[in-house]
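The values are calculated or read from the model by the stated rules, or taken from the named source; none is laboratory data. Just so we're clear, the structure is a prediction, and the values are computed from it rather than from any experiment. As a convention, Cβ positions derive from the backbone with ideal geometry for all residues, glycine included, and neighbour counts pool all protein chains shown. Calculation scope for accessible area: heavy atoms of the full protein, side chains included, ligands and nucleic acids excluded. Shrake-Rupley method; radii C 1.70, N 1.55, O 1.52, S 1.80 Å.
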Amino acid sequence: MTRRSRLLTTATAGVAAALLLAGCGGGDDGGSSKSKDKIAGADTGASTSASPSTASSDGGGRPEITLPSDLTYTFEWTKTGDEKKDAVLSDSEQFIKAVDMAIVKQAPLDKAYRFYSEGLAAAGSQKFIQEFVSYKDRITGAKRYFDAKVQINDDGTAGLVYCEDQTKAYNKSLKTGKTEVTKASKDDYVLYNSLLQLNKQGVWITEKLTSQRGSSVCQP
């Protein structure tokens, strides 16, 4: 495993079986597959929007997310029209950016990502960030997220499955300022599966997170 592939995948935490991978997208045609390597009913049409480098606090004590201009995001996550599901997508987007901000700041205990996570997901994120700190690296380039499927479970939790395209994202050394550009491969596509809980502040907190690099689900 290369240094880049080890660092650029979010640390795995939690139990995959608890995240109801096959259940996401329930009610969509084609959702009968139970395979863990297939997102049931994954959307093929999605709107694309590049996210800004700074997300302002919108009340409720939400932290400001500030990222360097050389790190950009595209979230091809279509609005569902369901208030809860769309909130899950929005808060998950902020969690992803908050982890990257902690890497930029070289701060494994940064408050922003811990605002959007707890338990195993927070612990896994801290370990992931610490690896970048140990190597004195951060992420640069463009990251793309797509094929998101969200489900609100009967117990009030939410399950989210999505793909990440890292083909244009690279490690950048904080010591030398040089970017480690690597050739794109199937391992640049990662499948994520998360379990979230709505807290008292009305924020969807990621509690568990698993990742699978090179999954056939996310291949172009």
So if R0 is 30 Å, what FRET efficiency would Lys186 and Lys127 give, r being the distance between their Cβ atoms, rounded to the nearest 0.05? 0.75
Ignoring ligands and nucleic acids, Thr66 exposes an accessible area, probe 1.4 Å, in Å² to the nearest 10, of 70 Å²
For segment 128-201, shape from the Cα gyration tensor axes a ≥ b ≥ c, cut at a/c of 1.5 then a/b versus b/c, turns out oblate
Which length gain, in nm to one decimal place, applies between Thr179 and Lys136 when the Cα-Cα distance is subtracted from 0.36 nm times their residue separation? 14.3 nm
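Around Ala121, with a cut-off of 14 angstrom between Cβ atoms, what is the net charge of the other residues, counting Lys and Arg +1 and Asp and Glu -1?
Here the count lands on 0.
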Using the Karplus curve 6.51 cos²θ - 1.76 cosθ + 1.60 with θ = phi - 60°, work out ³J(HN,Hα) for each residue of segment 174-183 in order, rounded to whole Hz, and write x for Gly and Pro. 7, 7, 9, x, 8, 9, 8, 7, 10, 6
Portion, in percent, of the accessible area of segment 74-213 that falls on carbon or sulfur, probe 1.4 Å: 49 percent
On average, how much accessible surface per residue is there in segment 125-181, in Å², for a 1.4 Å probe, leaving out ligands, DNA and RNA? 43 Å²
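Using a 1.4 angstrom probe with every protein chain in place, what is the largest-first accessible-area order of Ser90, Ser69, Ser173, Ser125?
Of Ser90, Ser69, Ser173, Ser125, the descending order of accessible area is Ser69, Ser90, Ser173, Ser125.
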Quick note, segment 68-220: a/c under 1.5 would make it rounded; otherwise a/b > b/c is prolate and the rest oblate (a ≥ b ≥ c, C-alpha gyration tensor); here it is oblate
Under 1.5 on a/c is rounded, so check that first for segment 71-150, then, if it is not, pick prolate when a/b is larger than b/c and oblate when it is not; a ≥ b ≥ c are the square roots of the alpha carbon gyration tensor eigenvalues. oblate
